[in-house]
Amino acid sequence: MTDVHDLLARTHDALGRAEAPLDPTRHDDLLSGIRRRRRRRHAGEVLGVGAAVVVLGAGGWLGLQRDGAPQPAQSPTTTEPPAPTGAATPAAALDAPGLLPALVMPPGTLEAAMPGWLLTTQRPSYFSGDPVGASAPSAHVLDLVSPTGERYRVLELPNDRWVSVVRWQAGSTQALVTTSEEGDNRVATLDLLTGEMTLLDGLTGGIEHVGRTGDGLDLWSSYDDDVLVHDGQRVVRRLPAVRDGVLDRSGALLAGTGPVPGADPGDGDPGSPLVVDVATGAVTVVPAPADDTCAPFGWSGTEVLLTCWDITPEGPRSTGSLRYDTATPGVAPRTLTVEGDIEGPIGRGAELADGRVVVRGDPFLECTAAWGVVDPAAGTFTRGPEPPPGRIPLSVDAVDGAAYVTTATQCTGDPGPVDLHRVDLATGATVLLSGLPDPTDLPPDASWISTMTSWTVGTP
């Protein structure tokens with residue numbers, strides 16, 4: 001997560017029409033047959049898709065319920081979209097080495113997708129160890145994935161151009177993406193039906209999507225750390241520099257670190273924790289301890305949650321956590337007690353509707369970090385389900401009561417494919433949304449570098 005020309009992208013031809021909804025038994029039979037064909041693929045068969053659902057015992061997740069009441073250990077209840085107009089038995093999509101199997105998307109599936117469905121891109125490549133080094137991507141595709149793991153092929157993208165999905169409203173036929181254009185990074189809207197991209201003015205270079213305001217504006221962190229507010233047509237204003245910004249749930253306040261207005265920070269100064277009013281650009285400096293380095297890791301209502309540390313010869317050492325209420329800016333931060341199975345500072349997280357925050361554990365212990373839920377009201381950290389053996393949490397996000405966790409076999413910055421799990425925070429049910437590439441697709445003595453390159457969950 002090159003240069004090129006226009007996107008090659010089209011959904012596959014319409015499959016015909018069927019008046020009745022898709023029959024579950026026939027669909028399951030199709031998927032079973034596809035899996036069998038996958039095992040015989042080197043004899044020339046094509047691939048399909050299967051949903052991998054693992055239900056974890058609810059007992060390990062009772063601590064994530066604020067009232068502590070037992071919850072049923074069952075898969076999360078999700079609203080499936082109406083059956084699209086199309087063939088009753090979707091066919092397997094075109095296959096390539098390293099691609100996760102998918103079905104051809106029946107017409108109407110994209111438009112019927114509900115919040116909780118997601119878009120993801122795949123661009124498989126491997127390292128061979130020979131003088132050539134990394135292989136060219138075997139394919140480049142964009143898929144639609146249901147909350148239960150069913151995968152549909154939406155577009156085929158050009159191999160010589162990267163495209164990362166950033167934001168998508170469920171049911172829409174357009175998505176916001178970042179891409180390469182004439183050797184530069186750009187932002188564009190992508191038509192999911194035709195593959196056509198429309199570049200947006202004012203967004204270029206080293207930019208990262210920060211979030212979306214309550215009135216529908218996108219925030220982008222620019223290469224010089226200024227935050228750009230974009231209305232979909234142009235940059236409407238610039239906000240002061242904020243690094244590692246975390247937007248509150250209302251989209252009105254942005255917390256992060258940056259230079260104190262009017263101050264002249266020295267080289268290597270990590271900056272002070274700040275809160276910026278997105279509408280006015282007004283900056284509030286959070287009065288954190290002067291002897292520590294502190295940075296926001298999330299929000300809980302009107303409170304900014306901060307993690308603090310100092311640097312020792314052995315490495316960063318946690319000095320605790322703080323909570324700063326933006327509703328009472330004249331009051332100093334209070335100590336945030338976080339008890340539980342967590343070491344060191346807390347990595348950036350995402351707020352849930354009840355004020356709890358899904359976080360990744362100590363970002364400085366990147367090879368052994370945990371993930372879980374911080375409950376500021378109870379002062380606890382409850383560890384999430386362990387990743388698969390040999391893998392560590394790489395990133396976390398949260399949308400509508402579910403955590404989305406990527407894992408990798410190696411530390412941050414090292415090559416290797418990532419997977420993506422959806423964890424229902426009420427039941428502990430875990431769904432594998434994006435798995436790892438098939439090792440039998442590799443030449444001898446080669447290893448996969450990447451498969452999934454981006455993903456975004458559909459919003460209401």
Which residues, taken from the range 440-452, are touching a strand residue (DSSP E or B) at 6+ places or on another chain (Cβ under 7 Å), modelled with pLDDT under 95 and within 18 Å of residue 122 (Cα to Cα)?
442, 447, 448, 449, 450, 451
Of the conditions (1) open to solvent by 10 Å² or more (accessible area, probe 1.4 Å); (2) over 18 Å from residue 430 (Cα atoms), residue 376 satisfies every one except a single condition; which number is it?
(1)
So residue 143 passes all but one of these: (1) open to solvent by 10 Å² or more (accessible area, probe 1.4 Å); (2) under 15 Å from the mean Cα position of the chain (by Cα). Which condition number does it fail?
(1)
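Yes/no matrix, rows are residues, columns are (1) more than 22 Å from the chain's Cα centre (by Cα); (2) crowded, with 19+ Cβ neighbours inside 10 Å:
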{"residue": "95", "(1), (2)": "yes, yes"}
{"residue": "114", "(1), (2)": "no, no"}
{"residue": "124", "(1), (2)": "no, yes"}
{"residue": "165", "(1), (2)": "no, yes"}
{"residue": "194", "(1), (2)": "yes, no"}
Would you be able to tell me the number of residues in the range 338-379 that are modelled with pLDDT of 90 or more, outside any loop (DSSP other than H, G, I, E, B) and not aliphatic (A, V, I, L, M)?
5
Within the range 264-273, can one find any residue that is within 27 Å of residue 457 (Cβ to Cβ) and of a type in the set (S, T, N, Q)?
no
Go through the range 314-337 and report how many residues are open to solvent by 50 Å² or more (accessible area, probe 1.4 Å), hydroxyl-bearing (Ser, Thr, Tyr) and either assigned to a strand (DSSP E or B) or farther than 19 Å from residue 297 by Cβ (or both).
3
Pairs please, first residue from the range 159-170 and modelled with pLDDT of 95 or more, second anywhere and surrounded by fewer than 18 Cβ atoms within 10 Å (Cβ to Cβ) and not in a loop (DSSP other than H, G, I, E, B), Cβ atoms under 6 Å, 6+ apart in sequence or on different chains.
169/459; 170/115
Mind listing whichever residues of the range 407-428 are open to solvent by 10 Å² or more (accessible area, probe 1.4 Å) and either modelled with pLDDT of 90 or more or touching a helix residue (DSSP H, G or I) at 6+ places or on another chain (Cβ under 8 Å) (or both)?
417, 418, 421, 422, 424, 426, 427
Hits in the range 284-310 - residues which are open to solvent by less than 50 Å² (accessible area, probe 1.4 Å) and more than 24 Å from the chain's Cα centre (by Cα):
286, 288, 292, 293, 294, 308, 309, 310
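The values are calculated or read from the model by the stated rules, or taken from the named source; none is laboratory data. In this text the structure is predicted, and so the values were computed from the model without any measurement. Methodologically, a virtual Cβ is constructed for each residue, glycine included, from the backbone with ideal geometry; neighbour enumeration extends over all protein chains shown. With ligands, DNA and RNA removed, areas are computed over all heavy atoms of the protein, side chains included. Shrake-Rupley method; radii C 1.70, N 1.55, O 1.52, S 1.80 Å.
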